[in-house]
Amino acid sequence: MNMTSGQFKKFCELVYSECGINLHDGKQQLLQARLSKRLRSTGIDSIAEYLKVLENDALELMNFLDAISTNHTYFFRESHHFEHLRTDHLKIWSAASSSGEEPYSVAIYCLEKGFRPTILASDISTRMLEIGQNGIYSIEKTKSLPPHMLKKYFQKGSDKWDNHVRLKKEIKQMVTFQRYNLLVDPIPSREFDVIFCRNVFIYFDNVTRAQITNKLCGALKPSGYFIIGGAESLNTIDHPFKYIQPSIYRKE
Ligand SMILES: C[S@@+](CC[C@H](N)C(=O)[O-])C[C@H]1O[C@@H](n2cnc3c(N)ncnc32)[C@H](O)[C@@H]1O
């Protein structure tokens, strides 16, 4: 079932206003593929009807946003960022945590350095948060993890869990998962020493990047760190941070 250009425009407007993701023209095929899955799961047989459902059904809207978000991540991704973590960084927020590999990597790194922060892991996708809470991953995702850490912090699965690993309780206990929409939700009441907001700005335009950056600054303690993805930059927006080095910023 192909969508008309008018319907594509409506989906783009909806996604932009709900979560800030900018679906430009090249994304129509991706949207179409993910939409087909939602139509099959819901049993709705026309795109026009599905658009109407999205207007009135908050749960389906959440499922739809889940389906269109891109969640690729893995353990110890861009781990050079972790070198900025210090022993007095005891409150850390992974603000687009996807399925949990990022906050758990931070937890492992900190334990190895001899300190134990509490870590808030949040994402817009409840599907990803559930995976994070379960803490079971395919071995593929742990490829960048030094082998001695894999041995120390994970249990290897067997039988139907062959090729999977499960995080030990000690690490899981350090991370709390919570749904959080960067675009619309108010900042948490506690303040953080470090906020990771990596590899999500690529999906936003400058207006949304500026809005989110300024908001998250309010959730950092003075001198707190704001860390974005290596392929991202705040160069194109007005922001309150001091630049430290590529992708690393500090609150003044
Ligand atoms: C590519 S993953 C990045 C995961 C991890 N930070 C990393 O660098 O490996 C991007 C994540 O951003 C989330 N996301 C997209 N829009 C969001 C929003 N408005 N609020 C919160 N999370 C959002 C997606 O659900 C996805 O899990």
Across all directions of projection, what mean area in square nanometres is found for the Cα convex hull of the range 1-156?
11.0 nm²
Compute the projected area of the convex hull of the Cα atoms of the range 1-59, averaged over all viewing directions, and report it in nm² to one decimal place.
3.9 nm²
Divide by every residue of the chain the summed helix terms, -39500 (n - 2.57) for each DSSP H run of at least 4, and state the resulting mean residue ellipticity at 222 nm, rounded to the nearest 500 deg cm²/dmol.
-11500 deg cm²/dmol
In what order do SER189, SER233, SER94, SER41 fall by count of nearby beta-carbon atoms within 10 Å, going from fewest to most?
SER189, SER41, SER233, SER94
Assigned charges on the beta-carbon of Lys, Arg, Asp, Glu; the range 1-145 dipole about Cα centre (debye):
220 debye
Cα principal axis extents for the range 208-252, largest first, Å
25, 22, 14
Taking a 25 Å limit on the Cα-Cα distance, which of the listed pairs LYS52/LYS215; LYS113/LYS169; LYS9/LYS141 fall beyond it?
LYS52/LYS215; LYS9/LYS141
For the charge dipole of the chain, defined by +1 on Lys and Arg C-beta atoms and -1 on Asp and Glu C-beta atoms about the Cα centroid, which residue among PHE82, GLN32, LEU51 has the Cα displaced farthest towards the positive pole?
PHE82
Mean Cβ-within-10 Å packing, highest first, puts peptides 197-209, 13-25 in the order 197-209, 13-25
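Taken together, the values in this text are just the output of simple stated rules run on the coordinates, not laboratory data. What you see is a predicted model, and the numbers here were worked out from it, not measured in a lab. Cβ atoms come from the backbone with ideal geometry, glycine included; neighbour counts cover every protein chain shown.
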